[in-house]
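Q: Quick one: structure below, then a few questions.
The values are calculated or read from the model by the stated rules, or taken from the named source; none is laboratory data. These numbers come from a predicted model, not from an experiment. Heads up, the Cβs are rebuilt from the backbone with ideal geometry, glycines too, and the neighbour counts pull from every protein chain shown.
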Ligand SMILES: NC(=O)c1ccc[n+]([C@@H]2O[C@H](COP(=O)([O-])OP(=O)(O)OC[C@H]3O[C@@H](n4cnc5c(N)ncnc54)[C@H](OP(=O)(O)O)[C@@H]3O)[C@@H](O)[C@H]2O)c1
């Protein structure tokens, strides 16, 4: 598949357009997923995340600051602060006339990825619909396992974990501000 890719090379004039090989662009990009899930893969309920864990928010910020973040329109709407600062906010929507301030809109994952430079390190931050679409492309999953059963209406998609290596698995104890024990995991794609 070839895509129109206006951002390369960097000194292109406005009218010049370049076509690059999409698979080459994709393989140069280090796409990460960052998510937090309950015991049963719970991710969200009624447009919100079912827990409040400052330690996990801190991890999320540390991972994503300075990187492009890609999200679905519903996750964008759920953000308490829009846009998330110091990150390029990229939102997927199929609605042609939807408009927002502070984010770039894209009609498909391919369009969003094509708008990134070679060797970009984007983070896909949800929700479930968008995780499902980016899972085959991701090289890394940063997963916070929140060790509790939650009521939920949105769940992380099924993952073939045999295709992934668990390379970090940090225990994080609950405390007065963080109501649940967690594990901060990092998974890398085997091949
Ligand atoms: N626990 C976590 O780590 C975590 C992370 C993020 C979000 N969440 C939670 O997850 C829930 C939201 O997740 P969700 O799965 O319902 O929604 P979502 O993935 O955030 O957004 C879905 C929307 O994204 C757009 N979209 C998806 N795929 C697209 C594609 N291929 N091309 C163009 N647009 C596309 C569509 O927008 P349009 O309808 O506008 O076309 C679609 O309705 C909320 O409860 C949120 O709090 C949890």
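Q: For the range 75-86, what are the residues that are surrounded by fewer than 18 Cβ atoms within 10 Å (Cβ to Cβ) and within 7 Å of the ligand (Cβ to nearest atom)? Talk me through it step by step, then tell me what you get.
A: Here is the first cut: in the range 75-86, the residues surrounded by fewer than 18 Cβ atoms within 10 Å (Cβ to Cβ) are 77-82, 85-86.
Residue satisfying the conditions is 78 alone.
Q: Could you run through the range 87-104 and say how many residues are crowded, with 18+ Cβ neighbours inside 10 Å and assigned to a strand (DSSP E or B)?
A: Residues meeting the conditions: 4.
Q: Within the range 117-140, can one find any residue that is surrounded by fewer than 16 Cβ atoms within 10 Å (Cβ to Cβ) and either part of a strand (DSSP E or B) or free of Cβ contacts under 8 Å to residues at least 24 places away in the same chain (or both)?
A: yes
Q: Turning to a different aspect of this structure: From 114, 110, grab the single residue that is near the ligand (Cβ under 10 Å from one of its atoms) and touching a strand residue (DSSP E or B) at 6+ places or on another chain (Cβ under 9 Å).
A: Only one candidate qualifies: 110.
Q: (1) out of contact with any strand residue (DSSP E or B) (no Cβ under 7 Å at 6 or more places or on another chain); (2) at pLDDT below 95; (3) more than 13 Å from the ligand (Cβ to nearest atom): which one isn't true of residue 62, the others all being true?
A: Evaluating residue 62 over (1) out of contact with any strand residue (DSSP E or B) (no Cβ under 7 Å at 6 or more places or on another chain); (2) at pLDDT below 95; (3) more than 13 Å from the ligand (Cβ to nearest atom) leaves (2) as the failure.
Q: Starting from residues that are part of a loop (DSSP other than H, G, I, E, B) and within 13 Å of the ligand (Cβ to nearest atom), keep the ones in the range 149-175 and report whichever is surrounded by the fewest Cβ atoms within 10 Å (Cβ to Cβ). So that I can check it myself, show each step before the final result.
A: Our first condition is that a residue be part of a loop (DSSP other than H, G, I, E, B); within the range 149-175, this holds for 149-153, 156-160, 173-175.
If we keep only those that are within 13 Å of the ligand (Cβ to nearest atom) as well, we get 150-153, 156-157.
On the way: 150: 17, 151: 9, 152: 19, 153: 12, 156: 24, 157: 16.
Per the stated criteria, the residue is 151.
Q: Counting only residues that are within 21 Å of the chain's Cα centre (by Cα) and within 15 Å of residue 143 (Cα to Cα), how many does the range 170-191 have? Reasoning before the result, please.
A: Applying the first criterion (within 21 Å of the chain's Cα centre (by Cα)) to the range 170-191 yields 170, 182-191.
Imposing the further condition that a residue be within 15 Å of residue 143 (Cα to Cα) reduces the set to 170, 182-189.
Number satisfying all stated conditions: 9.
Q: Here's something else I'd like to know. Tally the residues that are in contact with a helix residue (DSSP H, G or I) (Cβ under 8 Å, 6 or more places away or on another chain) and within 12 Å of the ligand (Cβ to nearest atom), restricting the search to the range 117-128.
A: Looking only at that region, the number is 5.
Q: Now a separate question. Give the residues of the range 143-176 that are more than 15 Å from residue 126 (Cβ to Cβ) and touching a helix residue (DSSP H, G or I) at 6+ places or on another chain (Cβ under 7 Å), sorted by residue number.
A: Keep residues of the range 143-176 that are more than 15 Å from residue 126 (Cβ to Cβ), which gives 145, 147-151, 158, 160-176.
Matches in the range 143-176: 172 only.
Q: Consider the range 25-54. How many of its residues are more than 14 Å from the ligand (Cβ to nearest atom) and either part of a loop (DSSP other than H, G, I, E, B) or in contact (Cβ under 8 Å) with a residue 60 or more places away in the chain (or both)? Before the answer, list the steps.
A: So the first thing to find is which residues in the range 25-54 are more than 14 Å from the ligand (Cβ to nearest atom), and the list is 25-31, 54.
Next cut, either part of a loop (DSSP other than H, G, I, E, B) or in contact (Cβ under 8 Å) with a residue 60 or more places away in the chain (or both) only: 25-26, 28-31, 54.
Here the count works out to 7.
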